[in-house]
1. Can you list the helices (runs of 4 or more DSSP H) found entirely within segment 270-342 that contain at least 1 residues being surrounded by 18 or more Cβ atoms within 10 Å (Cβ to Cβ) and at pLDDT 90 or above?
2. Which one of 42, 144, 57, 114 is over 27 Å from the mean Cα position of the chain (by Cα), at pLDDT 75 or above and aliphatic (A, V, I, L, M)?
3. Does segment 1-21 hold any residues that are at pLDDT below 80, in contact with a Ser or Thr (Cβ under 7 Å, 6 or more places away or on another chain) and among the aliphatic types (A, V, I, L, M), and which are they?
4. Can you name every residue in segment 190-199 that is in contact with a strand residue (DSSP E or B) (Cβ under 6 Å, 6 or more places away or on another chain) and not acidic (Asp, Glu)?
5. Evaluate the following for residue 162: is it free of Cβ contacts under 8 Å to residues at least 12 places away in the same chain, over 24 Å from residue 259 (Cα atoms) and open to solvent by 10 Å² or more (accessible area, probe 1.4 Å)?
6. Hey, could you check segment 192-234 for residues that are more than 23 Å from residue 171 (Cβ to Cβ) and touching a Pro at 6+ places or on another chain (Cβ under 8 Å) and say which is surrounded by the most Cβ atoms within 10 Å (Cβ to Cβ)?
7. For segment 148-164, check the following and say yes or no: at least one residue is among the β-branched types (Val, Ile, Thr) and touching a His at 6+ places or on another chain (Cβ under 7 Å).
Amino acid sequence: PAVTSPCKILKCNSEFWAATSGSHHLGAEEAPEFCTALRAYAHCTRRTARTCRGDLAYHSAVHGIDDLMVQHNCSKDGPTSQPRLRTLPPGDSQERSDSPEICHYEKSFHKHSAAPNYTHCGLFGDPHLRTFTDTFQTCKVQGAWPLIDNNYLNVQVTNTPVLPGSSATATSKLTIIFKSFQECVDQKVYQAEMDELPAAFVDGSKNGGDKHGANSLKITEKVSGQHIEIQAKYIGTTIVVRQVGRYLTFAVRMPEEVVNAVEDRDSQGLYLCLRGCPLNQQIDFQAIRSAQATEGRARRKGPSLPAPPEAFTYETATAKCREKLPVEDLYFQSCVFDLLTTGDVNFMLAAYYAFEDVKMLHSNKDKLHLYERTRDLTPGNAAPMGTHPTLWVALLCLCWLCLL
């Protein structure tokens, strides 16, 4: 089983937000309930203090509680039972119509030049990476790795083995840091890990803080515990985080200008969404898949080979993936690979949702599908749209026969 963190600060954060959602936007008469929730929040952090000593999110929450206690004149002594679940009043979207224009990327951008070019990056499964340049890779990258690191945003993922002794890894933890930006947002940190997908930042808030353009950064829960979306309008960025099975997937839509906004360009070599995984961390899953298919055909001809240890054979994995991914592109092939290496059907759903996020986030609808690279394509490029890789092989063979 994958290792899980004993620090439960994310659970404390999400419980506090669920109990107080909308109450700090209401009148002073709600202060007693808010103080009760704060005391419950403080009690929760004390329970997990021993296992959270080295966790930045924990220390941020503790300081945040103290500040809120002072702001709302709350006593540390008193009831700690959780108040009833709060909902926002009808029609209160928390939007400010007078937010500075600089806090809306597209509005400020259009005044000076043409519409921005958007790019997409995604990470899912075992894990498979689609970079901002539409390169598709399967990587090892066990442990913590930077996915995005620019002047506005930092994203780090942690990948752990799916099974003891297995080379298959998947994303078990995700940390997103939105850096403070002018009069728009304060620095905000979002953390998710296995079995905990909060709908709030680590300080319990759902927007960019107390600045004038705070609502240019917002978290929306699409499906409780399974799907959240973060809109960062001040940098024209949308982030989708999902929990599928026990593991996390990540997808982002970001303007090229923001993607390339780094002070030290040499550091971009560690920026996976832009540069891809290091060569020594990449896996040629297509070669492995071909070997598995060949082994499957040999097994059908005779009983000499032992049965595979996985729950899926190549044929059953292919049939299962085709249920959700009818086009045999690299998302389909990664699905087959993951079912064979893990035996976990949730990896099929991870590939399916990753492609659904591509359809929503990718600005070029002609580049949704990626296919296997062929020898006439440079690394990192996909086969032309509308042309199946098998047809390319056939054409190359035909040209060779013509030369003979």
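1. Where helices (runs of 4 or more DSSP H) fall fully within segment 270-342 and carry at least 1 residues being surrounded by 18 or more Cβ atoms within 10 Å (Cβ to Cβ) and at pLDDT 90 or above, they are 272-275, 314-324, 330-342.
2. Of the residues listed, the single one that is over 27 Å from the mean Cα position of the chain (by Cα), at pLDDT 75 or above and aliphatic (A, V, I, L, M) is 42.
3. 2, 3
4. 190, 191, 192, 194, 197, 199
5. no
6. Once the filter is applied, the top-ranked residue is 213.
7. Within segment 148-164, the first condition is being among the β-branched types (Val, Ile, Thr), and the residues that meet it are 148, 155, 157-158, 160, 162.
Subsequent filtering for residues that are touching a His at 6+ places or on another chain (Cβ under 7 Å) retains none.
Checking segment 148-164: not a single residue is among the β-branched types (Val, Ile, Thr) and touching a His at 6+ places or on another chain (Cβ under 7 Å).
Rundown of residues vs (1) among the aliphatic types (A, V, I, L, M); (2) within 30 Å of residue 284 (Cα to Cα), yes/no style:
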position	(1), (2)
142	no, yes
147	yes, yes
157	yes, yes
166	no, yes
170	yes, yes
177	yes, no
181	no, no
184	no, no
196	no, no
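The values are calculated or read from the model by the stated rules, or taken from the named source; none is laboratory data. Values in this document were obtained by computation on a predicted structure and should not be read as measured data. Using ideal geometry, Cβ is built from the backbone for each residue, glycine included, and neighbour counts are taken over all protein chains shown. We work out accessible area using only protein heavy atoms, side chains counted, and drop any ligands, DNA or RNA first. Shrake-Rupley method; radii C 1.70, N 1.55, O 1.52, S 1.80 Å.
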